[in-house]
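What follows is one structure encoded as C-alpha cells, with my remarks underneath.
The values are calculated or read from the model by the stated rules, or taken from the named source; none is laboratory data. Keep in mind it's a predicted model, so treat the numbers as computed, not measured. Quick reminder, even Gly has a Cβ in these numbers, built from the backbone with ideal geometry, and neighbours come from all protein chains shown.
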Amino acid sequence: MKPTFPRTSMARLLLHLLAVAAIGAFSGSLYFSVVDEDGRYDLLDLLRKRPPGSAVAAERPLLAQGSPPTLLRAEPLDLNSLDVLQEVNRAVSDLTDAVVPSVVSIDTTTNVNVTRVVPTDPFGFFGYRRNESYAAPGLGSGVIVTEQGHIVTNHHVVAGVDAIRVTLHDGSQYDAEWVGSDPNVDIAVLLLKAPEGGALPDLRPLAFGDSDAVRVGEMVLAVGNPFGLSETVTQGIISAKQRELSDGANEYFQTDAVINPGNSGGPLVNVRGEIIGINVAIFTGQEDVRVWQGIGLAIPAKEAKDVFEAIVLGRPLIRGYLGLEVDNLSRNYAIALGLASTQGALITDVAKGSPAEEAGLKPGDVIVKFDGKAIRNADETLSRIRAKKAGEVADLVLLRKGESLEAAVQAIAKSDTNTLKLRADTAANGQAIADALGIAVANLDATQREALALPEGVPAIVITGVKAGTQASSRLQPGDLIHRINQTPVTDVATFHDLLASIPQNKTSVMVLSREGRIFRAVLNP
C-alpha cells in the first residue's frame with residue numbers, strides 16, 4: 001500500500017519552498033548591489049565558471065594605488081649592515097686556521113693482563129687458568145708548546161699507558177714519550193720522538209696566555225679530538241671562573257664551547273690564539289649521560305704553564321704551604337673520637353716555625369672542614385693547601401680530643417717537590433731496582449742479533465753482568481736475554497727500567513728470559 005499525504009500538508013510544503021527561494025533571491029540581489037563582484041570569489045562565481053585568479057588580480061591595483069593592503073607581505077632585508085659580522089666571521093676563520101695546526105690527536109695503548117678459565121669438560125666442572133693479554137686503546141688531545149716537540153695534555157690521558165702515538169695536522173704520526181706529570185693538576189708533558197734516521201717536521205707551537213686576565217663572557221675556541229674526530233673546533237664563551245669539578249681544590253674555567261670525550265688535553269684559546277686553558281672534563285647532571293650538556297671545564301693556563309716549566313725547565317713549582325703532615329683517618333681512630341665516618345685528615349706532624357704551629361695546630365688534631373667545605377681524606381687536604389697563594393688564609397675546623405675548634409692559618413709560598421712525577425725519576429727508580437737485583441743490562445745491536453739468530457721483531461735486551469751474592473746470582477748469568485716483564489715486551493734498556501719502576505707492589509711479577517734458545521722465568525718480589 002502506498003503512503004498518502006493530506007492536501008493541507010502538501011500545500012504547506014510548497015509555501016515553505018517558495019519562501020526560501022524568495023529569501024535567496026533577495027539576498028543575492030542585495031549582495032551584488034552592495035559588494036563589487038570583482039572583490040570577492042564565492043559560490044556564484046564558481047557556478048559562473050569565473051577563474052579564482054581574477055579576484056587576486058582585482059586586488060593588485062589597490063596595492064599599487066596605495067590603498068591599505070589586505071595581504072601580509074615580507075619586506076626585503078637590508079644587507080648593508082652585515083659588514084661587521086662578515087669581518088668577525090673572517091677573523092674567526094683566520095684564528096681557526098692559525099690554531100688548528102698546533103693541536104694534535106693522541107692515541108694510547110695499554111696492555112691489560114687477564115686470567116681466563118678454560119674448561120676441559122662439557123659441563124665446566126674442570127679446567128685450567130690461562131693468562132691472556134690485550135691492548136686497550138685510548139684517545140685524547142694535546143697542544144704543541146715548543147718547536148722541539150713538547151706537548152701539553154692531561155695526565156689522565158697518558159697515565160699508566162704502554163705506548164703513545166701522536167697524529168699531527170698534516171696526518172703524519174710519531175711516537176711520543178712521557179716526560180712528566182702533575183696528577184694533582186692533571187697536566188702531563190710529552191715529547192715527540194723523531195723517527196730513526198729522520199727528523200721531526202717544522203712545528204708551530206702555541207703560546208700560553210694570561211689566564212688571570214680572562215673575563216667571563218670572553219669568546220673562546222676549543223680544539224680537540226672528540227670521539228676520534230680530529231681537529232674539531234667549537235666556539236663559545238667563558239661562562240664562569242673558579243668552578244670546582246668536585247670537592248677538591250682545583251679551580252676551572254667553565255665554558256659553553258662543546259667539549260666531549262676525546263677533547264681532554266686540547267687547548268682552550270682566546271681571540272689572540274693564546275692558550276688560556278687545557279680542556280679537562282664535562283659536567284653532567286646524570287652519571288649515565290656522557291655527552292655535552294653545555295658545561296665544559298678547562299684548567300687555567302697559569303697552572304698548566306707552571307707545571308710545564310717545572311718539568312721541562314726545572315723551575316721550582318711554587319705552592320701554598322702551612323707546615324702540616326697529614327694522613328688518612330683510620331677506622332679505629334675515628335671510633336675512638338666518636339666519629340660516624342673516616343672522612344677527615346689526621347695531622348701527624350707540624351713543622352717548627354711554620355704557619356700551622358703559629359696558629360696552634362698540633363699532631364693528633366683532625367681536620368674536618370677546609371674553608372667551609374668538608375674534607376674527605378689527606379690527599380684532598382694537601383691539594384687544597386697547595387692551591388693557596390701566599391698570604392691567603394685557610395679557615396679550618398678541627399677536632400681535638402672530641403671537641404670542635406676553629407683555626408685560621410695564613411699560607412706562605414714554598415717550592416713544591418712532592419707532586420711532580422718525572423720520567424727521569426722513574427728511570428732512576430728502575431735503575432735502582434736493577435742494581436738491587438744485581439744485574440746490568442744493555443741493548444742488542446744488529447751484529448749481536450745476527451749472531452744469536454734473533455729476528456729484528458723479537459723484543460730483547462741482554463744481561464751483561466751479575467753481582468755475586470745478590471738475588472739474581474742464583475738464577476741469572478751474563479748472556480741471558482730478557483724478553484718481557486709480565487706481558488709487556490722489553491724492547492730496550494729504558495723500557496726495562498720503566499717496567500721495573502712500575503711493577504705492582506701488591507703481587508709478584510714475572511720476568512721472561514731465554515738462555516741458548518730455552519725460555520725460563522724469574523719471579524720478581526716487590
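Among all residues of segment 184-192, there is at least one that is polar (S, T, N, Q) and either surrounded by fewer than 15 Cβ atoms within 10 Å (Cβ to Cβ) or assigned to a loop (DSSP other than H, G, I, E, B) (or both). Looking at Thr470, Thr464, just one residue is farther than 25 Å from Val112 by Cα, in contact with a Gly (Cβ under 6 Å, 6 or more places away or on another chain) and β-branched (Val, Ile, Thr), and that residue is Thr470. Within segment 423-439, track down each residue that is surrounded by 16 or more Cβ atoms within 10 Å (Cβ to Cβ) and either part of a strand (DSSP E or B) or among the acidic types (Asp, Glu) (or both). Ile439, the sole residue that qualifies. Screening segment 450-478 for residues that are at pLDDT below 90 and aliphatic (A, V, I, L, M) and picking the one that is farthest from Glu516 (Cα to Cα) gives Ala468. Please tell me if Lys362 is at pLDDT below 90, closer than 28 Å to Ser415 by Cβ and of a type in the set (D, E, K, R). In short, no.
On the stretch given as segment 317-344, residues that are surrounded by fewer than 13 Cβ atoms within 10 Å (Cβ to Cβ) and in contact (Cβ under 8 Å) with a residue 60 or more places away in the chain total 1. Of all residue pairs spaced 6 or more apart or on separate chains, those with beta-carbon atoms under 6 Å, a first member in segment 211-237 that is of a type in the set (Phe, Trp, Tyr) and a second member that is crowded, with 20+ Cβ neighbours inside 10 Å are Phe227/Gly262. When segment 401-422 is filtered for residues that are over 20 Å from Leu346 (Cβ atoms), part of a strand (DSSP E or B) and hydroxyl-bearing (Ser, Thr, Tyr), only Ser415 remains. Considering segment 320-394, the qualifying helices (runs of 4 or more DSSP H), each wholly inside and each with 1 or more residues that are within 21 Å of Leu420 (Cβ to Cβ), run over 378-386. Does Pro195 count as touching a residue at least 24 places away in the same chain (Cβ under 8 Å) and either buried (at least 20 other Cβ atoms within 10 Å of the Cβ) or part of a loop (DSSP other than H, G, I, E, B) (or both)? No, not satisfied.
Filter segment 490-526 for residues that are surrounded by 10 or more Cβ atoms within 10 Å (Cβ to Cβ), part of a strand (DSSP E or B) and among the charged types (D, E, K, R); which is nearest to the chain's Cα centre (by Cα)? Ranking the candidates gives Arg521 first.
In this structure, is Ile347 surrounded by 14 or more Cβ atoms within 10 Å (Cβ to Cβ) and aliphatic (A, V, I, L, M)?
Yes: the conditions hold for Ile347.
For segment 401-432, name all the residues that are β-branched (Val, Ile, Thr) and either in contact with a helix residue (DSSP H, G or I) (Cβ under 8 Å, 6 or more places away or on another chain) or more than 24 Å from Ile311 (Cβ to Cβ) (or both). Residues satisfying the conditions are Val409, Ile412, Thr419, Thr426. Would you be able to say whether some residue in segment 267-277 is of a type outside the set (Val, Ile, Thr), surrounded by fewer than 17 Cβ atoms within 10 Å (Cβ to Cβ) and at pLDDT below 85? Checked segment 267-277: no residue is of a type outside the set (Val, Ile, Thr), surrounded by fewer than 17 Cβ atoms within 10 Å (Cβ to Cβ) and at pLDDT below 85. Take Gly479 and tell me if it is part of a loop (DSSP other than H, G, I, E, B), surrounded by fewer than 19 Cβ atoms within 10 Å (Cβ to Cβ) and not polar (S, T, N, Q). It is true that Gly479 is part of a loop (DSSP other than H, G, I, E, B), surrounded by fewer than 19 Cβ atoms within 10 Å (Cβ to Cβ) and not polar (S, T, N, Q).
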